[in-house]
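Enquirer: Have a look at the structure that comes next, please.
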Amino acid sequence: MHSLSLLDWVALAVFTLCWMGYAALVDHHPALRARSVIAAMDAHRHRWLQITVTRENRIMDTNIIGNLMNSTSFLANTAIFILGGLVAMMGSPEIGTRVFGALPFAAPSDPAAWEMKIALLLFIFVRAFFELTWALRQFNYCSIVIGGISHDPADPTREGHAAMAAKVANRAARHFNTGLRAYYFGLAALAWILHPLALILASLVVLRELYRREFRSVVREALREG
C-alpha cells in the first residue's frame, strides 16, 4: 500500500465517494428514491401482479419472471468469469504491469500497487456476484408465490398474495440494480490500471451517466406518465 502515490489515494477516495455516496443517497433517501426510474418500475410491477389475479392462464407472467431470471443469471455468470480473470491477473503481476505499462499514457505501477488495483476490482465484482445471485433467488421466490395465487375469485387471500409477489419482485429488482451499478463502477475502476486521473474521470462519467439514466432519462418520464 505504501507504493501508492498521493494522487492514487485521491483517485480512490473520489471513486469511493462516487460509488458509495451515490448508492447511499439514491437507495436510502426517500424523497430522492421516489423520483427514480426504479421507483416508477416498482409501481408498474405492483400493477402487473395485481392484474395477475384476474388471469386464469398465467403463462405470460411466468415468461416475464423467466426473462428477468435469465438476464440476472447472465450477469451473475459473467461476474464469475471476470473474477476468474482477475485472480489470474493477481497471480501474475509482472506480466500485467508489463502489458498495461506499454499502453499510451499509462502510469508506471509496481507489483504492490498492481495488486491493490486488482483487489479493488475483485471486491467490486464479488459484490456484484452476491447482489445478482440474491436477486436471482428472489425472482425465483416470486415465481413460486405467483404459482400459489388462487384461481378462485372468492378466495380472500388472492390480493394479499399478489401484493406479496410484488414486494418480492421489487426487492429483487433493487438488488439487480445494485449489482448492475457495481458493473458500471467496475468499468470505472478498470481505468485506475492506466492512471489515477483516468480513475477520477471515469468515476465522474459513470456517476453522471447513472444519474442521467435514473433521474433524467426519457424512459423515466414515460414510466412516470404511465
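The values are calculated or read from the model by the stated rules, or taken from the named source; none is laboratory data. Quick caveat, the model's predicted, so the values are computed rather than measured. Here the Cβ is made from the backbone with ideal geometry for all residues, glycine too, and neighbour counts use every protein chain on show. Just so you know, the surface numbers come from the protein's heavy atoms only, side chains and all, with ligands and any DNA or RNA stripped out. Shrake-Rupley method; radii C 1.70, N 1.55, O 1.52, S 1.80 Å.
Enquirer: Less than 13 Å Cβ to Cβ from Ala188, Lys/Arg counted +1 and Asp/Glu -1: what total charge do the surrounding residues give?
Expert: So the environment of Ala188 carries a net charge of +2.
Enquirer: Let me ask another. Please sort through the DSSP H helices of the chain and keep those with an alpha-carbon extent of at least 18 Å along the long axis and a Kyte-Doolittle average not below -0.5.
Expert: Within the chain the helices that satisfy the rule are 37-52, 59-91, 111-147, 158-190, 196-215.
Enquirer: Here's something else I'd like to know. Tell me the carbon and sulfur percent of the accessible area for the chain, rounded to whole percent, probe radius 1.4 Å.
Expert: Carbon plus sulfur share of accessible area: 69 percent.
Enquirer: Would you please put 120-128, 59-67 in order of how densely packed they are, using the mean number of other Cβ atoms within 10 angstrom per residue and starting with the highest?
Expert: The densest-packed peptide leads the list: 120-128, 59-67.
Enquirer: Something else: Just to confirm a number: summing +1 for Lys and Arg and -1 for Asp and Glu over residues other than Gly179 whose beta-carbon lies under 9 angstrom from that of Gly179, what do you get?
Expert: Result for the local shell: +1.
Enquirer: Which whole-number value in Å² is the accessible area per residue of the chain, probe 1.4 Å?
Expert: On the way: 12170 Å² over 226 residues.
The answer is 54 Å² per residue.
Enquirer: Under the 0.36 nm per residue contour assumption, what length would be gained going from the current alpha-carbon distance of Leu6 and Arg208 to full extension?
Expert: Extra length from Leu6 to Arg208 when fully extended: 70.2 nm.
Enquirer: What is the ratio of the Cα radius of gyration of the chain to 2.2 N^0.38 Å, with N the residue count, to two decimals?
Expert: 1.23
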